[in-house]
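Any read-out appearing in this document is the output of simple, stated calculations on the displayed coordinates, not a laboratory observation. Model, not experiment: these values are computed from the prediction. We place every Cβ from the backbone using ideal geometry, glycine too, and count neighbours over all the protein chains shown.
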Amino acid sequence: MTNRYLCDIDGLTMKKADEFNPFLDKDYRSPFYFCDRENETKILTDFILNKSNITLFAFRRLGKTGLIKHVFYKLQKEKNLVCIYVDIFDTNNKAEFINKLATAIYNAFPKRHSIGKKILSAFRMFRPVISFDELTGAPSVSISATLPEQQNKTIEGLFTFLDQQHIQVVFAIDEFQQILSYPEKNMEAVLRTQVQKLKNTSFIFCGSNQKQMHEIFNSAKRPFFASCSSLSLTYIEKDKYKKFIVKLFKKYHKKIDSESVSFILDWTKRHTFYTQYLCNQLFVKSGEHISIDTVRKVAYDILLLQEGKFYQYRSLLTRTQWNLLKAIGKEGRLKHPNSKDFIFEHNLGSPSIVTRSLDALVKKEIVLYNSNVEKPYYEVYDKFLMRWLQSK
Ligand SMILES: Nc1ncnc2c1ncn2[C@@H]1O[C@H](COP(=O)(O)OP(=O)(O)OP(=O)(O)O)[C@@H](O)[C@H]1O
Ligand SMILES: [Mg+2]
C-alpha cells in the first residue's frame, strides 16, 4: 500500500488505511461507503418530508437497515429532523417494545439541549430506570408498566409527548412483523390508533418477512389495512455495484479487473451482505492487484470457514428437507418445485413431500420465496450456503 494514511472522503477522520475496511459488513458509515439506492432514498425521504407513513420490505440481509440509516443520515444533516430508529427484532411482548421505544427516544436527543432536558423530565412521569451496558456503556431505559391499560397509556404518552414538541420526528420501526409474535393480541390496534393521531410524526415500518408484513398491512380485517404505501427493496443494479466496488478498491490503492468484479457479483447473487462480506475479506487478503484467482481463493476460504455451520443445518433438518435444500441450492433459482423433472432429477419423492418440506424451509428462513416478481421463485437464503451446496 503506497499511502498508509488517508483522509476519509466524508472528512470525518484521518485513518490508517490498513486499519479500516471500506466494505462494511455491518452498520452504516456515510454515503461514500453506501452503494446506490438513490431511488429508494428519494421515495423514503419524500414520504417522510410529507409526514406520510410507509412500509419497507426486503429479504434478510439485502440492506433495509442500511437504507434507513442512509436516509436518516441525510435527513439529520440536511433537514434537521429528529430520526429515531427502533429495532424490535429481539422483543417478545408489549413491555419489551415499550422499553425499546423509550430507549430509542432517550438516545435520540442530546442531553445538553433543551429538548433533551425536556424529554428527561417528561420521562420522570413514566418512572424510568436507566441502566448502562457494562461493556459498551450504552444506556437503556426500562419502564415498569405491567397492566395492559398502563402499557397502552405509556405508548400513547411516549408518542404524543414527542409529537407536541413542534419538531418533525420520524420513527423507523425495524423488524416490525415481530409484533405478531407478542402474546398481547391488540398490539396492531394500539399502535394504529396512536399513529393515526400524530401530526408531526411519520413512520417507516420495516420488515423482512414478506408473508407477515403482508398480513399486517394488506389484510382487510386488520387495523393497519391500506394505511400506508409500501416500498420493496430489491438487488442493487449490476453496473452500479460494479462501479462502487472498483471505486472503493481504487480509493485504497487496489486495482481489480472487470472480470473479477463480475465474478463477485455473480457468485454472491448481488445479495448485499454476501457481496459486502466477500469484498471485505478480499480487501484484507489481497495485494495491490486483485486477480480472479485471488477472488476464487477468498471465496473458497469463506465456505471453508463456515462449513461447520452448514453441517449444523443438516443436523437440524429432516432428511427430506435437507435433500430438498441441496436440490434448490443446485438449481440456484427454482420456479417450479412440483415439476416432474425437478422431483425426478433430485429424487425427492412426491409433490406433496416437496410442498411440505418447502413450507418448513421457508418458515425456518433457510429458503426464501420471492413472490414480488413476474415469475416467483425459491432460492437458498444464505448465498454462501448455496455455493457450498453447489460445490458438493
Ligand atoms: N447500499 C449499500 N451499499 C453498501 N453496503 C450496504 C448497502 N446496503 C447494505 N449494506 C451493507 O450490507 C450489510 C447488510 O445490510 P443491512 O444490515 O442493512 O441489511 P438488512 O436487510 O437490514 O439485514 P437483516 O435482515 O439481517 O436485518 C451491512 O453490512 C450493510 O453495511
Ligand atoms: Mg436489519
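In a simple Cβ point-charge model (Lys, Arg +1; Asp, Glu -1; nothing else charged), the chain has a dipole of about 240 debye relative to its Cα centre.
Using Cα springs under 10 Å in a Gaussian network model of the chain, which residue among G137, G308, G66 shows the largest mean-square fluctuation? Maximum among the listed residues: G137.
Using the Cβ-Cβ distance between E96 and E345 with R0 = 56 Å, the FRET efficiency computed as 1/(1 + (r/R0)^6) comes to roughly 0.75. Projecting the Cα positions of N186, F161, I173 onto the charge dipole of region 108-188 (unit charges on Cβ atoms of Lys, Arg, Asp and Glu, taken about the Cα centre) puts F161 furthest along the positive direction. Under unit Cβ charges (Lys, Arg +1; Asp, Glu -1), what dipole magnitude, rounded to 20 debye, does region 317-392 have relative to its Cα centre? Computed about the Cα centre, the dipole is about 180 debye. Projecting the Cα positions of A360, T318, Y378 onto the charge dipole of region 317-392 (unit charges on Cβ atoms of Lys, Arg, Asp and Glu, taken about the Cα centre) puts T318 furthest along the positive direction.
Taking L81, L305, L317 as the candidate residues, the one with maximal mean-square fluctuation in a Gaussian network model of the chain, Cα springs under 10 Å, is L305. A Gaussian network model of the chain, with springs between Cα atoms under 10 Å, assigns the largest mean-square fluctuation among S52, S371, S352 to S352. For a straight C-alpha distance cut-off of 20 angstrom, the lysines reachable from K100 (same-chain residues fewer than eight places away being disregarded) are K64, K69, K111, K117, K118, K153, K185. Each of Y235, Q276, Y33 was placed along the dipole of the chain (beta-carbon charges, centred on the mean Cα), and the one lying farthest toward the positive end is Y33.
Under a model in which nothing but the beta-carbon of Lys, Arg (+1) and Asp, Glu (-1) is charged, region 37-232 shows a dipole of about 460 debye around its Cα centre. Bridgeable lysines around K242 (alpha carbons under 19 Å apart, same-chain partners fewer than 8 residues away excluded): K250, K251, K254, K255, K269, K383.
What is the calculated FRET efficiency for K375 to H289, with r their C-beta to C-beta distance and R₀ = 45 Å, to the nearest 0.05?
0.65
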